[in-house]
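The values are calculated or read from the model by the stated rules, or taken from the named source; none is laboratory data. Quick caveat: nothing in here was measured; it's all calculated off a predicted structure. Glycine gets a Cβ as well: all are built from the backbone with ideal geometry, and neighbour counts include every protein chain shown.
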């Protein structure tokens, strides 16, 4: 006799229907009017046609499932097994949505099953129906459920109560644990349960080596079962005689604690594991008013919200860290004995779940990470775009569809940049300006806003570098003045000019090309590093002020780049440098990912060294200072001085400290 299934297109439903079709019977599937195509799309998955899986149009929210009288007459007395799977299995769903689907939907399904005189009503409930029961919850227990405050738990409990109290047909109830992907293929249809923590594990893997020991939580035991086990058990138990009126826990008899589960998936994802796990119950000694007081502070709430949003973790999930309930499944184990159906160990299929998530469900897969997706049709102002980093950046932005504003002092070289952009079909406009001159900077801002309306991306790339020891600068105070004038005051003038419009539009991105010297504090660059440090500090302060206004600041501590700016220092011809195109790739990274800072590992190491061992770091820098003398020009010697060749020691040191200005 035919089957009737609600939730046939759902996660468990599609695998259950596949099993039912093997029995060569017709399956009637409840679908909303707008979801008929979704059912049709599954025919290929089931290797079935519309005569084998028949759509019955209805709606969970309507009495008797909203199914027409004609369909009721057609199916009356013909349905041998009625499987009710349709429900919301989502901790993050709204209370109203859960009540409509889980409670009202179950009542309407029971009404329809009685109207068509179904042979047996199979209700797929959940272990959530037990609430947060403290102890072992048996299959014959129901009223004993505790702590049903969460709407998911409450609605699952109430829906099961409707079946027990209102269903006049024979019924069986099934309570699966947390259902995860297929144990053989890893297939999963959405992020739920332990999957919420996969992004956190992935970020740990990206930041730290897998051998790095971590501290984590122990937590309660979380009962995880794969979808194929649940579908196979449902199919088998539904067709076994003598089980009417019983409830079955489709659970793992030996569940792992949350900390163990996270470690299993961390191992599957090649991420660091929590070698030391702290029992979360230890935090119970902290008085509740203190925890509540800290959690209610606005900065704390915003930080927590930002972290959870970034990781895609619903706040409600943390209510269940100390899960207290154990689920006795002796009735299910007894009924399944001899069937060959059992819960596989999670270690045997964790890698399949991880691999499927990372290839198909990782939220980052659905974010446009292309440069074009960020800049197409948007206005990007690039200072110093006549050569070097600025030129390479402008070309990349134009190729991605940005409206690029080329800024530099000399028109001739800007024309060359524009010519290259025009050849690729890009759009660029030339604006000659001296950013170190405040009046010129103001005029540039006014003209851009008048002719383009706004600025989406401001890339402060124009800069001046001076490599000269302080003893050779005693009578050159103007070196410090002009460096600060361009690198700091000029950049700030543009930022202040474009900010009001960015605030008005609630969007904007300011990218400052800084230097690795700010992190390493290399000698001979006191004027240059001081000006870039000032810009870095301004950006750090401004970023906090404008974070909630939709404006991002990114600082790029650029390593040594082979540009016309370093050409006067002949020594740099023999040391490792980035090409302008490689440097432009860092600007692209800044635009796409909007990080607060981009720096090389060596630059970060330099900053840490200054903080952790300042005296030893100074000794190293002093050694470099004496190893690499001032250039001929810095020493005041005439042009045409003999080319300085690097010694083997200098070459080795430059290779070891690749990217740092010496």
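Results, tabulated for the structure shown:
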{"quantity": "Residue list for region 584-606, restricted to those being modelled with pLDDT of 75 or more and more than 22 Å from residue 381 (Cα to Cα)", "calculated": "599, 600, 604"}
{"quantity": "Index of the failed condition, residue 305 passing every other in (1) part of a helix (DSSP H, G or I); (2) under 30 Å from residue 233 (Cα atoms); (3) modelled with pLDDT under 95", "calculated": "(2)"}
{"quantity": "Any hit, region 103-111, residues being under 39 Å from the mean Cα position of the chain (by Cα) and either part of a strand (DSSP E or B) or not assigned by TED's automatic domain parsing to the domain that holds residue 124 (or both)", "calculated": "no"}
{"quantity": "Residue 466 vs. criteria touching a helix residue (DSSP H, G or I) at 6+ places or on another chain (Cβ under 6 Å) and over 19 Å from residue 512 (Cα atoms)", "calculated": "no"}
{"quantity": "Only one of 352, 334 that is assigned to a helix (DSSP H, G or I), more than 30 Å from residue 426 (Cα to Cα) and either under 30 Å from the mean Cα position of the chain (by Cα) or in contact (Cβ under 8 Å) with a residue 40 or more places away in the chain (or both)", "calculated": "352"}
{"quantity": "Check on residue 56, in a strand (DSSP E or B), touching a residue at least 40 places away in the same chain (Cβ under 8 Å), more than 22 Å from residue 227 (Cα to Cα) and in contact with a helix residue (DSSP H, G or I) (Cβ under 9 Å, 6 or more places away or on another chain)", "calculated": "yes"}
{"quantity": "Residue 142 vs. criteria closer than 25 Å to residue 103 by Cα and either in contact with a strand residue (DSSP E or B) (Cβ under 6 Å, 6 or more places away or on another chain) or without any contact (Cβ under 8 Å) to a residue 40 or more places away in the chain (or both)", "calculated": "no"}
{"quantity": "Any hit, region 403-418, residues being farther than 25 Å from residue 578 by Cβ, in the same structural domain as residue 586 (by TED's automatic domain parsing) and under 32 Å from the mean Cα position of the chain (by Cα)", "calculated": "yes"}
{"quantity": "Residue match in region 28-42 (condition: in contact with a strand residue (DSSP E or B) (Cβ under 9 Å, 6 or more places away or on another chain), over 29 Å from residue 150 (Cα atoms), at pLDDT 95 or above and assigned by TED's automatic domain parsing to the domain that holds residue 191)", "calculated": "yes"}
{"quantity": "Selection status of residue 65, within 23 Å of residue 163 (Cα to Cα), touching a strand residue (DSSP E or B) at 6+ places or on another chain (Cβ under 7 Å) and part of a helix (DSSP H, G or I)", "calculated": "yes"}
{"quantity": "Some residue of region 481-491 being within 33 Å of the chain's Cα centre (by Cα) and in contact (Cβ under 8 Å) with a residue 12 or more places away in the chain", "calculated": "yes"}
{"quantity": "Residue ranges of helices (runs of 4 or more DSSP H) in region 429-547 with at least 1 members modelled with pLDDT of 95 or more", "calculated": "438-452, 491-505, 526-546"}
{"quantity": "Count of region 232-280 residues which are in a helix (DSSP H, G or I) and under 20 Å from residue 167 (Cβ atoms)", "calculated": "3"}
{"quantity": "Qualifying residue in region 118-127 (condition: buried (at least 17 other Cβ atoms within 10 Å of the Cβ), within 31 Å of the chain's Cα centre (by Cα) and touching a residue at least 24 places away in the same chain (Cβ under 8 Å))", "calculated": "yes"}
{"quantity": "Residue match in region 9-19 (condition: in a loop (DSSP other than H, G, I, E, B) and in the same structural domain as residue 172 (by TED's automatic domain parsing))", "calculated": "yes"}
{"quantity": "Close pairs (8 angstrom Cβ cut-off, 6 or more residues apart or separate chains): over 30 Å from residue 444 (Cβ atoms) in region 462-477, modelled with pLDDT under 75 and assigned to a helix (DSSP H, G or I) anywhere", "calculated": "469/625"}
{"quantity": "Qualifying residue in region 282-294 (condition: at pLDDT 95 or above, surrounded by fewer than 17 Cβ atoms within 10 Å (Cβ to Cβ) and assigned to a helix (DSSP H, G or I))", "calculated": "no"}
{"quantity": "Residue match in region 150-157 (condition: in contact with a helix residue (DSSP H, G or I) (Cβ under 7 Å, 6 or more places away or on another chain), modelled with pLDDT of 95 or more and surrounded by fewer than 21 Cβ atoms within 10 Å (Cβ to Cβ))", "calculated": "no"}
